[in-house]
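Where a number appears in this text, it was derived from the coordinates with a stated rule and is not lab data. Because the structure is a prediction, the values reported are computed rather than measured. Positions of Cβ are backbone-derived with ideal geometry, glycine not excepted, and every protein chain shown enters the neighbour counts.
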Amino acid sequence: MYAFAPNGSQIIGTLERVSARAEIEVDTFVKKDGKLLFDFAGDTEIFWDDQYTVTRKGEVIFLAEDGSEWTESEIVLSESEDWGAGTRVRRMTRASILVLGCGLALLIIGELARLLP
């Protein structure tokens with residue numbers, strides 16, 4: 001199965017956080033206006049053992065090809081690799097669900113009224 005964002009962009013990864021240490025030139029410290037200034041050495045050590053997947057309200061955050069972030073519950077699964085091509089899925093809001101529900105209720109009432117003598 002393939003995963004897509006509601007905007008049709010393919011999901012390509014998860015949002016991750018890592019810790020790191022940027023190396024500094026140890027003999028470059030100066031204090032200016034109450035602040036310590038120094039030069040970076042250009043190397044950074046990544047602490048991969050500290051890596052973790054970012055979650056929001058208990059849901060994994062996924063990243064799409066277009067750089068957008070999506071929660072687990074927003075992801076659309078498809079057996080087709082090209083599902084997302086030109087696709088745009090509208091997010092359902094409470095208001096749109098209410099309108100949809102009212103519309104269905106009116107449709108059902110109309111059909112029931114036709115059945116009554």
Subject >> For segment 55-69, Karplus couplings with θ = phi - 60° (6.51, -1.76, 1.60), whole Hz, Gly/Pro x >> reply: 10, 10, 6, x, 10, 5, 9, 9, 10, 9, 4, 7, x, 6, 10
**OP:** For residue 47 and residue 7, compute 0.36 nm times the residue count separating them, minus their Cα-Cα distance, and round to one decimal in nm.
**Re:** 11.0 nm
Subject >> Per-residue HN-Hα couplings for segment 2-9 [Karplus 6.51, -1.76, 1.60; θ = phi - 60°; Hz; x = Gly/Pro] >> reply: 10, 10, 9, 7, x, 8, x, 6
Original post:
So how do 24, 11 line up by other beta-carbon neighbours within 10 Å, fewest first?
Top reply: 24, 11
